[in-house]
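What follows is a short report on a single structure.
Throughout, read-outs are computed from the coordinates displayed, never taken from laboratory work. None of the values given here were measured: they were computed from a predicted structure. All Cβ positions, glycine included, derive from the backbone under ideal geometry; neighbour counts span all protein chains shown.
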Amino acid sequence: MDRPRGTLRTRVLHVTPECAPMTKTGGLGDVSQALPEALRAADVDALTLLPGYAAVLAHVGKAREAAKLALLGFECRLLRADPFLVLDCPALYLREGGPYQMPDGRDWDDNPLRFGALSRAAALLGGARTPLDWQPQVLHCHDWPSGLAPAYLRGEPGRAASVMTIHNVAFQGNYDARLLSRLELPPSAYSIEGVEFYGRLSFLKGGIAYADAVTTVSPTYAQEIQTPELGFGLDGLLRHRRAVLTGILNGIDTRAWDPANDARIVQRYDARSLELKAANKAALQERMGLEHDPRVPVLGVVSRFTHQKGIDLVAAAAEALAAAPAQLAVVGRGERALEEAMAALAARHPGRIAVKVAFDEDLAHLIEAGADLFLMPSRYEPCGLNQMYSQRYGTPPVARATGGLADTVADGVTGFLFVEAESQALVAAARRALAAYADAARWGAIQRAAMARDFSWPAAARRYAALYLGLATATQR
């Protein structure tokens, strides 16, 4: 039997398909690592349930078997290595490729079963039938792969409260409705009030419909997803559930992203030694093959090359920005057409526009430290991290006023915002920024104001802790 874990205020089980550094495809992996850590520091008893991918099993090492579980026809083991619980089911998770996709980039055909089993296990652990002697008061589900957990949980005796966090409403986990019985969901769940979504079965819709509380990753995004433009078909349900919908801004890892202690950059600095930032600019220009001219501002981009991220706007604006004059240092990868368009720009403007098609963590840090401005023209951005990194590095962002970008960038104070998702609007905002850059005193004030912003995780953890406490109290009545 597991020992009781003390008398902390609230017991919370996070359910997620990824968690850095074990497995990560984007911001969800970072959040799944950082939020539970911050909650434990805030006196919340937080564990994390993960699928047993090879990298997860290697990370937890000699985790002990806590229970055997039969889930959707699969024999699984529940392993425990605090603060992690791992669902070990080789038939579902022990394979080459990523959390969701085969090595060739196609989705696994059995993803509904892989994440249905994860959701089913979470619901079992969240109810009175749990095989552990640690039962959460709150089950916190992250994104569509855990979306069926609140639906399963409704059928569990002595159940925990549930929270569904939407990290990106565009990713919904929609599958053939004939899977309902295979996923062991009752026929009553397939309704407009449940998992049914335009004739299909939706994991995310189930989570939103059945959870006791719904959160997303910034206040502005919580409003945007209630509109037809950014709700991706779920706006009506989200408006219906707006009384329990909250936007809580993500934090960032202030240890990994700290210019005063960053081992990945050439010269460390802080708000009192901004003159040292110039060494990173020189190193960035050299590494990217840009003309070494300290007077010409460098505009940095670290991004997936996708329509959502507005990389096509950067491509359309690049020549006007280079003529400003400015230089562009771009790193990322994604859609083939956008990769080719950016590479072609670099070939036409050597020394002015430099592009590296890759995921390069070292270069990402050097761009944050060495660029003068950071471009982030996303069409939508649930929270965003790079605009917060940039401000922390004294590299004011030029960003579209959407989602978490609108919530974290103060126009003309810590960065520069534009409204329309058009290249002309991006160029106009960049020109405003470049005019400020030409005024050394104003620019220094903007940099210092940006670096003074607190984007650490404790503030978000406090809001989640308050939400958990309210839910746990209500469930106990």
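Some notes on this structure:
- Peptide packing for 415-425, 253-263, 322-332 was compared via the average number of neighbouring C-beta atoms within 10 Å per residue; ordered from the highest value, the list is 322-332, 415-425, 253-263.
- Label corresponding to Kirkwood radius over Cα pairs in Å when calculated from the structure given, among (i) 24.6; (ii) 29.3; (iii) 23.4: (iii)
- Using the Cβ-Cβ distance between ALA343 and LYS62 with R0 = 51 Å, the FRET efficiency computed as 1/(1 + (r/R0)^6) comes to roughly 0.65.
- Shown here for region 39-146: GluC sites (Glu not before Pro) in loop regions (DSSP other than H, G, I, E, B) with at most 12 other Cβ atoms within 10 Å, namely GLU96.
- Label-point separation in nm, GLU184 to ALA445, each point 7 Å along Cα→Cβ: 6.4
- Between THR25 and ARG462, the modelled label-to-label distance comes to 3.5 nm, taking each label 7 Å out from Cα in the direction of the beta carbon.
- Listed by chain and number, the aspartates and glutamates whose alpha-carbon sits under 16 Å from that of LYS281, ignoring those within fewer than 8 places in the same chain, are ASP262, ASP270, GLU291, ASP293, ASP362, GLU368, ASP372.
- FRET efficiency, ARG432 to ALA256 (Cβ-Cβ, R0 30 Å, nearest 0.05): 0.45
- Gained length - ALA41 relative to ALA128, 0.36 nm times residue gap less alpha-carbon distance: 28.6 nm
- Here the label points at GLU229 and ARG200, each 7 Å from Cα along the C-beta direction, are separated by 2.4 nm in the simple model.
- Relative to the current alpha-carbon distance between GLU422 and HIS292, full extension at 0.36 nm per residue lengthens the span by 43.8 nm.
- Fully extended contour minus Cα-Cα distance, from HIS307 to LEU469, at 0.36 nm per residue: 54.4 nm
- Report note on the peptides 381-390, 54-63, 77-86: ranked by the mean count of other C-beta atoms within 10 Å, highest first, their order is 381-390, 77-86, 54-63.
- Rg(Cα)/(2.2 N^0.38 Å) for region 393-477, N = residue count: 1.52
- Shown for TRP457, TRP108: other C-beta atoms within 10 Å of each C-beta, ranked fewest to most, produce the order TRP108, TRP457.
- Listed residue pairs exceeding 25 Å between alpha carbons, taken from LYS62/LYS205; LYS24/LYS356; LYS277/LYS356; LYS309/LYS356; LYS24/LYS62: LYS62/LYS205
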